[in-house]
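Reading through the structure tokens given below for one structure.
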Amino acid sequence: MFELPHFFAQHSRRIIALGAIALSLIGAIGLAAATQTATPIWAATHELAPGALITAGDITRVDATLGTSQKQYYVGSALLIGNVVTRPVGALQFIPTDALAQPGATTDMRQLPLGIARSDLPADLVAGDRVDLYEVPKDANGAPGLVAAGIRVQNVDNKSRDLGGAVTVLFLLHEKDILAIMDSLVTGRIVVVRNAF
């Protein structure tokens with residue numbers, strides 16, 4: 001006849017081990033569920049162009065689990081209506097925190113297209129990248145120097161890149177930087193250096 005107490009006595013270590021494993025699995029499942037909770041994130045209902053004013057019809061909340069990358073986007077509790085778009089956002093894309101600005105903050109911003117030699121900019125430069133612009137003087141005795149820092153790339157004309165000549169890049173920058181850049185084009189050439197972050 002099967003005796004339950006005798007069975008537990010013989011297999012106590014195994015039972016304890018199985019119990020510990022079961023508890024560990026339950027804890028891991030609970031932790032995973034807690035860390036994978038979806039968070040409402042703002043997304044664009046259609047393409048948003050620079051300069052556009054955000055309205056209720058331009059944005060929608062989407063539940064998503066983004067992990068550590070969540071901080072790069074506006075969470076659903078952020079107030080976005082009335083803000084100004086500073087760089088393109090695609091339809092149904094999450095809205096990056098650096099793609100909008102308060103009204104008035106963009107009044108001194110300008111769009112500046114420049115033709116940059118292919119060898120003077122990153123091969124994979126794309127809209128949204130933040131870059132520094134350096135001047136390399138034509139004069140061999142001149143020293144390279146920083147012309148403008150933290151400039152936002154708004155568009156890269158890949159058709160001009162494919163043609164093999166200068167690549168047309170559209171920059172969004174403060175108006176105070178424009179004259180320094182124009183002077184640099186007279187005395188040398190512009191080199192685009194992408195920021196690491």
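Miscellaneous remarks
- Unique residue being more than 19 Å from residue 73 (Cα to Cα) and under 18 Å from the mean Cα position of the chain (by Cα) when the list is 125, 92, 100, 146: 125
- Which numbered condition residue 138 fails, given (1) touching a strand residue (DSSP E or B) at 6+ places or on another chain (Cβ under 6 Å); (2) in the same structural domain as residue 170 (by TED's automatic domain parsing); (3) within 15 Å of residue 154 (Cα to Cα); (4) not hydroxyl-bearing (Ser, Thr, Tyr): (3)
- Matching residues in the stretch 83-126 - criterion: being buried (at least 17 other Cβ atoms within 10 Å of the Cβ) and part of a loop (DSSP other than H, G, I, E, B): 83, 86, 87, 88, 95, 99, 106, 121, 125
- One residue stands out among those in the stretch 66-82 that are small (Gly, Ala, Ser) and surrounded by fewer than 14 Cβ atoms within 10 Å (Cβ to Cβ): the one that is nearest to residue 133 (Cα to Cα), which is 69.
- Among the conditions (1) part of a strand (DSSP E or B); (2) at pLDDT below 85, residue 159 misses just one, which is (1).
- Residue selection: residue 140 fails the criterion of being without any contact (Cβ under 8 Å) to a residue 40 or more places away in the chain, within 18 Å of residue 172 (Cβ to Cβ) and exposed (fewer than 13 other Cβ atoms within 10 Å of the Cβ).
- Filter result for the condition that a residue is in contact (Cβ under 8 Å) with a residue 24 or more places away in the chain and of a type outside the set (Val, Ile, Thr), over 57, 90: 90
- Of the criteria (1) part of a helix (DSSP H, G or I); (2) among the basic types (Lys, Arg); (3) touching a strand residue (DSSP E or B) at 6+ places or on another chain (Cβ under 8 Å), which one residue 152 fails: (1)
The values are calculated or read from the model by the stated rules, or taken from the named source; none is laboratory data. Just so we're clear, the structure is a prediction, and the values are computed from it rather than from any experiment. Backbone-built Cβ (ideal geometry, glycine too); neighbour counts: all protein chains shown.
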